[in-house]
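The values are calculated or read from the model by the stated rules, or taken from the named source; none is laboratory data. All of these numbers come straight from a predicted model, not from anything done at the bench. We place every Cβ from the backbone using ideal geometry, glycine too, and count neighbours over all the protein chains shown. Protein only, heavy atoms only, side chains kept; ligands, DNA and RNA dropped before computing areas. Shrake-Rupley method; radii C 1.70, N 1.55, O 1.52, S 1.80 Å.
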Amino acid sequence: MLDAQKLNVLQITTYPIDEPDHGGKFRCFNIRASLRKLFNVETLSFEVSDGVDCIDGFKIKLNNKKLVGGLGSGYLLDWGYNVALDSRDSLYEKLTAKIKKYNPDIIFLEQPFLGPLVEKMKKSNVVSDKCFVVYSSHNIEFALKAEIYKDVFSGEELQKKLNMVKNIELDAISSANMSIAVSQEDVDFIKKISPDQEVFLYQNGHSIINETPNAEKWQKLFSQAQRNWVFVGSWHPPNINGIYNLITNSLMDLDSSKVKLWVLGSVGLGLEATYSFENKAGSPIEIITDVTNEDIDSAIMASSGIVLPVWEGGGSNLKTVQALLSRKAIISTKHAFRGLDEYVTEDGVTITDSPDEIVAALNGFPLRDLYDRELSISTLPWDKILSTLPDNLLQSYRKHTKE
């Protein structure tokens, strides 16, 4: 039931966020929770499925085989949803009817990829051309896509795909009335493109781990080795390449009865698919892809600590925040602390960019169960980071509507 006294916000994402399971989803989920303190907020989301194309509320599901076949690659899904809707008139009409009825005062665009859809809706009066648009940057996307696409496309096709992303990103920034960004680097990038625009910095946060319902399960698994480190990540090239960097250096030389690295989440699927890496008996690395958020929390708190072997990528690393808030030992690259530089001296954190030194630390880092991190605990939970977002949005909206 909408509150008639509140403005209506339509958040737009390229994935469902009700049950977040990776960094982008967590960011969108917590932004929505924050905004709902002052606004009505609905989320328009997209996802692929094995079923027929359909819409349920503001959730759009598209047949995976048909969608990927039409685009030519699953790596193009994010901005490819625009292409898909252009060829599905009936679905688009059902969507626009719902949006017209909701009548958003504000559109909150998460990442730039669905910017063409926003412009299309404004031009066709699905939403008012005076609708206040917020661009929510998670990364400098065309730079990130350059790292990803170079392993998938080549030559003229590669350049064409990169130009597509760059144009979508620049248009999303230029047409926004206000932006929020995840790092100072992103803020500077946006201001360079749109100097007069209000841009607010809201870095990534995380939740403090309060409950570990599967602790006994992980304690049993961790009884195989004296030290058990965890790496949690999504199917994302910086994560996959980072862990493989350890594997191809000295990680596999470790005694698995003394040290074991547990790779949790879909990064393991990426490692298997990209590098044909498989679990083997007696290996110092073990991949477990099917884990819940409860599993991850429990594994972290039962572990010796967290490893963050990330040498590439943009934005700020949500998993770094999770590691800091857990108060467990952290072995990390400097890059994994991008946007979080003030926390590198926190208790129990060691920073090195050498894969061999990371592996050596797994075996030799002096461990305590928990470390004192007053700075992290006081500033990094999502509710603290996003506390000013609703007021800043409301003030910016009111300023814009008075002009």
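Test V263 against the criterion of being without any contact (Cβ under 8 Å) to a residue 40 or more places away in the chain, buried (at least 21 other Cβ atoms within 10 Å of the Cβ) and in a strand (DSSP E or B), and give yes or no. Spelling it out, V263 is indeed without any contact (Cβ under 8 Å) to a residue 40 or more places away in the chain, buried (at least 21 other Cβ atoms within 10 Å of the Cβ) and in a strand (DSSP E or B). One residue stands out in the stretch 112-129 among those that are part of a helix (DSSP H, G or I) and of a type in the set (D, E, K, R): the one that is most open to solvent (accessible area, probe 1.4 Å), namely K123. All told, L144 meets the bar of being in contact with a helix residue (DSSP H, G or I) (Cβ under 9 Å, 6 or more places away or on another chain) and under 30 Å from Q159 (Cα atoms).
Name the residue that is nearest to A146 (Cα to Cα), counting only residues in the stretch 46-76 that are out of contact with any strand residue (DSSP E or B) (no Cβ under 7 Å at 6 or more places or on another chain) and among the aliphatic types (A, V, I, L, M). Looking at the filtered set, the residue picked out is L76.
Which one of these is closer than 18 Å to L308 by Cβ, open to solvent by less than 10 Å² (accessible area, probe 1.4 Å) and over 22 Å from the mean Cα position of the chain (by Cα): L362, L367, L380?
Testing whether each residue is closer than 18 Å to L308 by Cβ, open to solvent by less than 10 Å² (accessible area, probe 1.4 Å) and over 22 Å from the mean Cα position of the chain (by Cα) leaves just L362.
When you scan the stretch 316-325, how many residues do you find that are under 19 Å from E185 (Cβ atoms) and touching a Phe, Trp or Tyr at 6+ places or on another chain (Cβ under 7 Å)?
Final tally of qualifying residues: 2.
In this structure, is N30 of a type in the set (S, T, N, Q), at pLDDT 95 or above, touching an Asp or Glu at 6+ places or on another chain (Cβ under 7 Å) and buried (at least 18 other Cβ atoms within 10 Å of the Cβ)?
Spelling it out, it is not the case that N30 is of a type in the set (S, T, N, Q), at pLDDT 95 or above, touching an Asp or Glu at 6+ places or on another chain (Cβ under 7 Å) and buried (at least 18 other Cβ atoms within 10 Å of the Cβ).
If you filter the stretch 55-96 down to residues that are touching a Ser or Thr at 6+ places or on another chain (Cβ under 7 Å) and touching a residue at least 60 places away in the same chain (Cβ under 8 Å), you find that the one that is surrounded by the most Cβ atoms within 10 Å (Cβ to Cβ) is Y81. Just one of the listed residues (V165, V187, V152) is among the hydrophobic types (A, V, I, L, M, F, W, C) and in contact with a strand residue (DSSP E or B) (Cβ under 9 Å, 6 or more places away or on another chain), namely V187. Of everything in the stretch 293-321 that is at pLDDT 90 or above and in a loop (DSSP other than H, G, I, E, B), the residue that is surrounded by the fewest Cβ atoms within 10 Å (Cβ to Cβ) is W311. If you take the residues in the stretch 155-198 that are out of contact with any Gly (no Cβ under 8 Å at 6 or more places or on another chain) and of a type in the set (S, T, Y), which one is most open to solvent (accessible area, probe 1.4 Å)? Of everything passing the filter in the stretch 155-198, S174 is most open to solvent (accessible area, probe 1.4 Å).
Of all the listed residues (I140, I148), the sole one being open to solvent by 10 Å² or more (accessible area, probe 1.4 Å), in contact (Cβ under 8 Å) with a residue 40 or more places away in the chain and touching a Gly at 6+ places or on another chain (Cβ under 7 Å) is I140. Give the residues of the stretch 223-243 that are farther than 18 Å from L325 by Cβ, open to solvent by less than 10 Å² (accessible area, probe 1.4 Å) and in contact with a helix residue (DSSP H, G or I) (Cβ under 8 Å, 6 or more places away or on another chain), sorted by residue number. If the condition is that a residue be farther than 18 Å from L325 by Cβ, open to solvent by less than 10 Å² (accessible area, probe 1.4 Å) and in contact with a helix residue (DSSP H, G or I) (Cβ under 8 Å, 6 or more places away or on another chain), then N228, P238, I240, I243 are the ones that fit.
Of all residues being assigned to a loop (DSSP other than H, G, I, E, B) and out of contact with any Phe, Trp or Tyr (no Cβ under 7 Å at 6 or more places or on another chain) in the stretch 326-350, which is nearest to N228 (Cα to Cα)? Just the residue, please. Per the criteria, the residue is K328.
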